Amino acid sequence: IRQEVQHSEKLNVLSELAASVAHEIRNPMTVARGFMQLLNQSQVSEEKRTMYTTMVIEEIDRAQSIISDYLSLAKPQAEKLENVNISLLMVKLMNLISPYASLRNVQIELHTAPSLNMEANADKLIQCLVNLTKNGIEAMPVGGTLDIIGYKEHTKIILEIKDNGIGMSQEQIERLGTPFYSTKLKGTGLGMMVSYNIIKSFNGSIHVQSELGKGTCMRVSFPSLPESKSSME
Ligand code: ADP
Ligand code: MG
């Protein structure tokens, strides 16, 4: 299944998003507060104390996931653009996601061509790639291989993140990027929306190719910087 993802109407919901994110964070806070009140009672058994504490920690973790998935959107839009070298960026990405991948039995195979340079904000680009690679890892519940590939095609830099996981139906692909759309027990449904926005802000585009039971390839494309304009690091 091939599908060019449309962003325009998804971007329109951005302004309403701050309110819904606040609401989503308030839910776990309310639940955690309730358990804290129960804990505060004098006659709570040891067993219940353990249970309530676990619940409070889970709810706080949930609020934290929502905040970190949303974080790049909450930051001011006027972030600084720099010449980003993709090889260096990939080293940072690997450092961030390797522990998560090995915990889930996922091997990462990285193949990036040398001297790929683009104009972006490195922090935001990393956040986007972390979101995409995390999804790829999470799509392989029994482990597998995640391929991360970077190369140049004409004037474009192409970054591909490929998993051989559960895949998506056409309908699921179409829902990608919709705030709070998640099929995961502990998902936030913010990762793809944040990623789409970051890609768009650097004049890029994303192409999702997926097949149920076979896997998914996220193909991101950005304008390339001419080699002469790039800083040598
Ligand atoms: P979350 O990961 O918190 O669920 P995302 O916005 O990152 O939220 O992703 C939304 C949904 O898109 C996921 O719940 C999943 O159903 C689907 N998805 C995203 N990437 C993949 C992938 N590589 N393989 C299969 N499904 C995916
Ligand atoms: Mg995600």
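No value in this document is a laboratory result; all are computed from the given coordinates. Note that the structure is a prediction, hence the values are computed from the model and not measured. Note: ideal-geometry Cβ built from the backbone for every residue, glycine included; neighbour counts use all protein chains shown.
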If you scale each eigenvalue of the Cα gyration tensor by 5 and take the root, what three semi-axes come out for region 81-218, rounded to whole angstrom and sorted largest first? 23, 17, 14
Order these by the 10 Å Cβ neighbour count, fewest first: MET118, MET90, MET29. MET29, MET90, MET118
If r is the Cβ-Cβ distance from ARG219 to LYS186 and R0 is 35 Å, what FRET efficiency results, to the nearest 0.05? 0.80
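How long are the semi-axes of the equivalent ellipsoid of region 111-151, taking √(5λ) for every eigenvalue λ of the Cα gyration tensor, in whole Å from largest down?
Ellipsoid half-lengths, sorted descending, are 23, 14, 5 Å.
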Within region 155-179, backbone nitrogen closer than 16 Å to the virtual label 7 Å beyond the Cα of ASN105 toward Cβ: 164-166
Remind me, relative contact order of region 122-233 in percent, using alpha carbon pairs under 8 angstrom and six or more residues apart? 30
Three-way shape label, region 129-169, alpha-carbon gyration tensor, a/c 1.5: prolate
Based on the Cβ-Cβ distance from ILE57 to HIS154, what FRET efficiency comes out when R0 is 45 Å, to the nearest 0.05? 0.35
Residue-count net charge about ARG104 - beta-carbon cut-off 14 Å; Lys, Arg +1, Asp, Glu -1: +1
Restricting to bridges with both residues inside region 48-179, how much of the DSSP beta-bridge set is antiparallel, in percent to the nearest 5? 65
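Could you pull out the pairs from LYS80/LYS214; LYS124/LYS186; LYS152/LYS186; LYS48/LYS134; LYS92/LYS184 whose alpha carbons sit more than 29 Å apart here?
LYS80/LYS214; LYS152/LYS186; LYS48/LYS134
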For region 185-195, Karplus couplings with θ = phi - 60° (6.51, -1.76, 1.60), whole Hz, Gly/Pro x: 4, 10, x, 9, x, 10, x, 5, 4, 4, 5
Radius of gyration and Dmax for region 139-233's Cα atoms, expressed in Å? 15.2, 48
